[in-house]
1. Does residue 236 count as among the small types (Gly, Ala, Ser) and in contact with a Lys or Arg (Cβ under 9 Å, 6 or more places away or on another chain)?
2. Collect the residues in the stretch 101-129 that are crowded, with 24+ Cβ neighbours inside 10 Å and either among the charged types (D, E, K, R) or more than 16 Å from the ligand (Cβ to nearest atom) (or both), keeping them in residue-number order.
3. Considering (1) in a helix (DSSP H, G or I); (2) under 28 Å from residue 72 (Cα atoms); (3) of a type outside the set (A, V, I, L, M), say which one residue 142 fails and leave the rest.
4. Give the number of residues within the stretch 157-174 that are within 19 Å of the chain's Cα centre (by Cα) and either farther than 27 Å from residue 275 by Cβ or in a helix (DSSP H, G or I) (or both).
5. Evaluate the stretch 269-277: report whether one residue or more is surrounded by fewer than 15 Cβ atoms within 10 Å (Cβ to Cβ) and touching an Asp or Glu at 6+ places or on another chain (Cβ under 8 Å).
6. Which pairs turn up if I take residues in the stretch 299-324 that are closer than 26 Å to residue 112 by Cα and look for partners that are modelled with pLDDT of 95 or more and open to solvent by 80 Å² or more (accessible area, probe 1.4 Å) with beta carbon separation below 6 Å, at least 6 apart in sequence or on another chain?
7. Given the criteria part of a loop (DSSP other than H, G, I, E, B) and in contact with a Leu (Cβ under 6 Å, 6 or more places away or on another chain), does residue 297 qualify?
8. Among (1) among the hydroxyl-bearing types (Ser, Thr, Tyr); (2) open to solvent by 70 Å² or more (accessible area, probe 1.4 Å); (3) in a loop (DSSP other than H, G, I, E, B), there is one condition residue 189 misses while meeting the rest; what is its number?
Amino acid sequence: MLVKEYVPAVEFLKNFDGKILLASHENPDGDTVGSALALYHFLKKKGKNVKLGCKDPIPYFLAFLPGAEDYIQLPTEEEFDLVVVVDASSVDRLGVPVKAKQFMRIDHHKGGDFYCECDLIEVDAPATAKVVYYLLSNWDADAIDETIATCIFTGLATDTGFFINPNTDGEVFQLASLLVDKYGVNPHYVAENIRERNPLRRLKLLSKALDSIRLENHGKVAVMYVLQDWLDELGAQYADTESFVNYARSIDGVEVAIFILEKAKEGVWKVSLRSKGNFDVSVVCEQFGGGGHKYAAGCKFPLEKPLEEVINDLLKEIEKRNNL
Ligand SMILES: [Mn+2]
């Protein structure tokens, strides 16, 4: 089907003749990686000169996606004619500088930077992968194959928490169904790779993180953290903490979950907020220079600030918006 808003982006990429970098955001998730990989395979089919880049290594649970091994680690000395920022609200979210003559953004986050007329930013889309699907299907639906569809499905599945988060609507199921029926995606294969390949160290780390949980604001806010020492002790990586925050959110009566990760090398406390109900966590994170969506957002604090102060600042900001 032809969707008019996609025409400028399709025409722009179709006619683009130069070195393209598809850039995923730092701490990459299934949406930024799935979306970038779908674009990567498609653009290669179309004869484009294209590379994939990310500051962080691709986590083990996404390594099954074809092409994941082609990612180059950013920063790189290489200069590109075009950098496509995938699933991120600005170049800053890449976590490192990139050299490019031109930028383009394909995304579903609120706010952020605007780079060119052909940016594709759909704030209502459940995942960037959906935006990518529309881009590709408006270009050449026949060029979408099982590999590309699997990458799109991965973005869609992970950003909707495997089709149960509040951003899951009928269209999500329609697109998922199309990807399965028309393009041959195997949902069980994707789920098994993403959810059932935990290294033991991740579960050991989870046990410590669960132990750190405490309830605040009359049981409506759950606080959970992971310290660098714990990671070092277990030989765990930052990616091993992926979705830990959901355990804190899952507690009965909790409306907002706070997860704080100590990243010693980067000198920051990385904060992830999740909500259920009506609380908009993106507003809280924006107060601290971060951002995101209503139900999932993030921000950072310098490590110089003691953990308890970080927690207090967040609790105060949440309390201020006491529509809990
Ligand atoms: Mn996303």
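1. The answer is yes for residue 236.
2. Passing the criteria: 105, 107.
3. (2)
4. Counting residues in the stretch 157-174 that are within 19 Å of the chain's Cα centre (by Cα) and either farther than 27 Å from residue 275 by Cβ or in a helix (DSSP H, G or I) (or both) gives 4.
5. Scanning the stretch 269-277 turns up at least one residue that is surrounded by fewer than 15 Cβ atoms within 10 Å (Cβ to Cβ) and touching an Asp or Glu at 6+ places or on another chain (Cβ under 8 Å).
6. Cβ pairs passing all conditions: 317/287.
7. Spelling it out, it is not the case that residue 297 is part of a loop (DSSP other than H, G, I, E, B) and in contact with a Leu (Cβ under 6 Å, 6 or more places away or on another chain).
8. Answer for residue 189: the failing condition is (3).
The values are calculated or read from the model by the stated rules, or taken from the named source; none is laboratory data. Predicted, not measured: the structure shown is a model, and the values here were computed from it. With ideal geometry, Cβ positions are generated from the backbone for all residues, glycine too; neighbour counts draw on all protein chains shown. Only protein heavy atoms, including side chains, enter the accessible area calculation; ligands, DNA and RNA are left aside. Shrake-Rupley method; radii C 1.70, N 1.55, O 1.52, S 1.80 Å.
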